[in-house]
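Before any comments, here is the structure.
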Amino acid sequence: MTAKTATTSDVIGLTKPAPFSRRGFMTATAAVAAGYTLATGPVRADVIRTDTNGMQAGETKIKVGDGEMPGYFARPAGVSNPPVILVAMEIFGLHEYIKDVTRRLAKLGAFAVAPDYYFRKGVDLTKITDIKELLPIVNAKPDAELLSDLDATVAWANSQGGDTTRLGIVGFCRGGRTVWEYAAHNGGLKAGVAFYGPPVDPPNPVWPKSPTQLAADMKAPVLGLYGEADTGIPVSQVEALKAALAANHKTAEFKIYPGAPHGFHADYRASYRKEAAEDAWNQMQAWFKKHNVLS
């Protein structure tokens, strides 16, 4: 398979959702107006909405080698040198769920930044409703370019007064894979948290090594949060990644949530599981505190 046709495990997990009733979901018009992607189906009406009280938040531009990359940031107001946490998004673009996660992190005291690293394709991924149209775009993103974009985001946060000596990264779905990849890349990273990031990649010439293949190269401790009922990421793959990290004496922990599907933290989707999502968020906070990202 090529970068254009590869079906990744994060997408498989999304295209086989648990049955649900359309009651309790926004209309498509309301979901679009609220800034959510429609690519994963109807958007839940009772999504989590985090206000901007006590913080600075908004759109920004991040200088990269070939232009300016859009991004969204949130940081506590009036706080000097807050720790920096990168937010690695799903494949659906910089939509409202990712922005809200960024604000939630600011409420915890972090300078959180979500870079829109698919921007070079010149299309708004949040407006694409068919995953089949998304795949050729996002699967063509080279890992080398992705890692460079994240490095540029760290440099931008540092230039804005963020404390990049306390650097963390959190990511969801494809962004969870990004967490593992970045932990193998950046020696300055203090900790990462991967929400259901695929441990194994399909063949793709622009993705040289999967997270499992990079086990020996991990430079930062990572917490992996996975769903036992994820149809795209078998528990056996998670266990194989865990074993590879242990064999290479790397610091990592895993929690697998019984009965939880892929996307269990995504409060805008039918896949959301409140108990697992809240526990995973608490696990993330504890991990970042343990490794001196959060105070």
Matching residues, region 128-145, being in contact (Cβ under 8 Å) with a residue 60 or more places away in the chain and basic (K, R): K141
Entirely in region 1-116, the strands (runs of 3 or more DSSP E) that have 1 or more residues that are at pLDDT 95 or above and more than 29 Å from A286 (Cβ to Cβ): 55-64, 67-76
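Conditions tested, residue by residue: (1) assigned to a helix (DSSP H, G or I); (2) farther than 14 Å from Y118 by Cα.
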{"position": "P136", "(1), (2)": "yes, no"}
{"position": "K141", "(1), (2)": "no, no"}
{"position": "A144", "(1), (2)": "yes, no"}
{"position": "D149", "(1), (2)": "yes, no"}
{"position": "V154", "(1), (2)": "yes, yes"}
{"position": "G161", "(1), (2)": "no, yes"}
{"position": "T164", "(1), (2)": "no, yes"}
{"position": "I169", "(1), (2)": "no, yes"}
Selection count where residues are under 21 Å from the mean Cα position of the chain (by Cα) and either hydroxyl-bearing (S, T, Y) or within 30 Å of L135 (Cβ to Cβ) (or both), scope region 69-90: 12
Lone qualifier among A216, A220 - being among the small types (G, A, S), more than 21 Å from R273 (Cβ to Cβ) and surrounded by 15 or more Cβ atoms within 10 Å (Cβ to Cβ): A220
Answer residue from region 141-172, given it is over 17 Å from F73 (Cα atoms) and surrounded by fewer than 18 Cβ atoms within 10 Å (Cβ to Cβ) and is farthest from the chain's Cα centre (by Cα) among those: T165
Flag if A280 is buried (at least 16 other Cβ atoms within 10 Å of the Cβ), at negative phi and within 17 Å of the chain's Cα centre (by Cα): yes
Whichever residue in region 178-194 is without any contact (Cβ under 8 Å) to a residue 60 or more places away in the chain and assigned to a strand (DSSP E or B) and, among such residues, is nearest to A266 (Cα to Cα): A194
Single match in G232, G175, G197 (criterion: touching a residue at least 12 places away in the same chain (Cβ under 8 Å), in a helix (DSSP H, G or I) and closer than 22 Å to I137 by Cα): G175
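The values are calculated or read from the model by the stated rules, or taken from the named source; none is laboratory data. A quick note: this is a predicted structure, and the numbers were derived from the prediction, not measured. Positions of Cβ are backbone-derived with ideal geometry, glycine not excepted, and every protein chain shown enters the neighbour counts.
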